[in-house]
1. Using helices alone, what [θ] at 222 nm do you get for the chain, with -39,500 (n - 2.57) per DSSP H run of 4 or more residues, divided over all residues and rounded to the nearest 500?
2. Using Cα-Cα distances under 8 Å and only pairs 6 or more residues apart, what relative contact order does the chain have, in percent?
3. How much length is gained on full extension from SER253 to GLU165, taking 0.36 nm per residue of separation minus their Cα-Cα distance?
4. May I ask you to derive the FRET efficiency for ASP291 and SER108 from their Cβ-Cβ distance with R0 = 30 Å, giving the value to the nearest 0.05?
5. Angle check, please: helix 100-109 long axis (alpha carbons) against the longest principal axis of the chain (alpha carbons), in degrees 0 to 90, nearest 10.
6. If you line up the long axis of helix 157-169 against the longest principal axis of the chain, both from Cα atoms, how many degrees apart are they, to the nearest 10?
7. Mind listing the long-range amide H neighbours of GLU260? Cut-off is under 5 Å, sequence gap 5 or more, other chains count too, H placed in the peptide plane at 1.01 Å from N.
8. Just rank ASP277, ASP291, fewest to most, by other beta-carbon atoms within 10 angstrom.
Amino acid sequence: MKILILSRNSTLYSTQSLYNAAVKRGHEVQICDHLLCNIIIEKNKAELYLGLDKMENIDAVIPRIGASATEYGAAVIRQIEAMGVFTTVRSEALLKARNKLHCMQFLSSKGFDVPKTGLCGGDLYAGMMYEQVSKDKAVVKLLASTQGLGVILTQSKNQGVSVIEGFHRVGHDVMIQEFISDAKGSDIRAFVVDGEIVGAMLRQALPGEFRSNIHRGASSSIVKLTKQEKDIAIKASKLLGLSIAGVDLLRSSRGPLILEVNASPGLEGIEGTTKIDIAGKIIQFIERKLDKQKQLK
Ligand SMILES: Nc1ncnc2c1ncn2[C@@H]1O[C@H](COP(=O)(O)OP(=O)(O)OP(=O)(O)O)[C@@H](O)[C@H]1O
Ligand SMILES: [Mg+2]
């Protein structure tokens, strides 16, 4: 099989892990930077180029699209879809999951429990919206936060409004979110591949910190998921159209809450913590998918 990995940086752990897993299973693998991909669109014709080289005879694509190149990455995936090549992430699913607010709106509409979340159009309503979410503490979050940066715990309405006004002043929209204190600075990452949980870890923030991002110094450990947590992670990924997903959950007194669903979940933390060959499971999923396609032809 010829597998193409779309990744901006071939030295990244996740890219390397997928590359090694595919090579180990006897596949031909090419890593290419999606920002160097060129696209030609004509009537009933879709072509993809890496620089000037036409990309042909590809059996499957594994997109690893980071937050900084979502739009262009999605355009490249759309082209791959138009070429009739199997991709582990569909462009529409990537776009929906990448937009945190869209993802929350979608999942809550499907009956999943999420932290109560508000978004306000401007400064005028910031205080009112804060009050709708909380009487005291709340999480004010940049829509485009990553690695916990732009995720702020505010202690009061006045403090929250100041933070919101500050973000608005520099042109950024923010969400105001119910602070889930029961989570005690931890969250759960459930890794889903092809409708199955293939690994799960609990991330615990440093003392005095509420953000459990590894980039913010959090530690991780293996965790056993409850049946409810497993079902939620599998169902959310399925409804979002993601065959591969990192579902982040907060444990709360009213049950598991979905914080976000990652369409391009990193492998370093989950493989390092669980010692499970997740990359291998992703390659096996592609093999099953293509076998099925072949049988249907
Ligand atoms: N509403 C909340 N209540 C309690 N803790 C929260 C809440 N929102 C976020 N956190 C904590 O802060 C961390 C970072 O928040 P979140 O995952 O929403 O943003 P991010 O990590 O910046 O985004 P990304 O995961 O896309 O990089 C979470 O992992 C969680 O530990
Ligand atoms: Mg996060």
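Any read-out appearing in this document is the output of simple, stated calculations on the displayed coordinates, not a laboratory observation. Model, not experiment: these values are computed from the prediction. Every residue, glycine among them, receives a Cβ derived from its backbone with ideal geometry; neighbour counts consider all protein chains shown.
1. -11000 deg cm²/dmol
2. Values: 576 pairs, mean separation 48.3, N = 297.
RCO, the chain: 16 percent.
3. On the way: separation 88, 0.36 × 88 = 31.68 nm, distance 3.16 nm.
Between SER253 and GLU165, full extension yields 28.5 nm more.
4. Working: r = 37 Å, r/R0 = 1.22.
For R0 = 30 Å, the calculated efficiency reads 0.25.
5. 80
6. Roughly 40 degrees, rounded to the nearest 10.
7. Those lying under 5 Å, H to H, from GLU260 are ASP248.
8. Details: ASP277 18, ASP291 10.
Going from least to most buried by this count: ASP291, ASP277.
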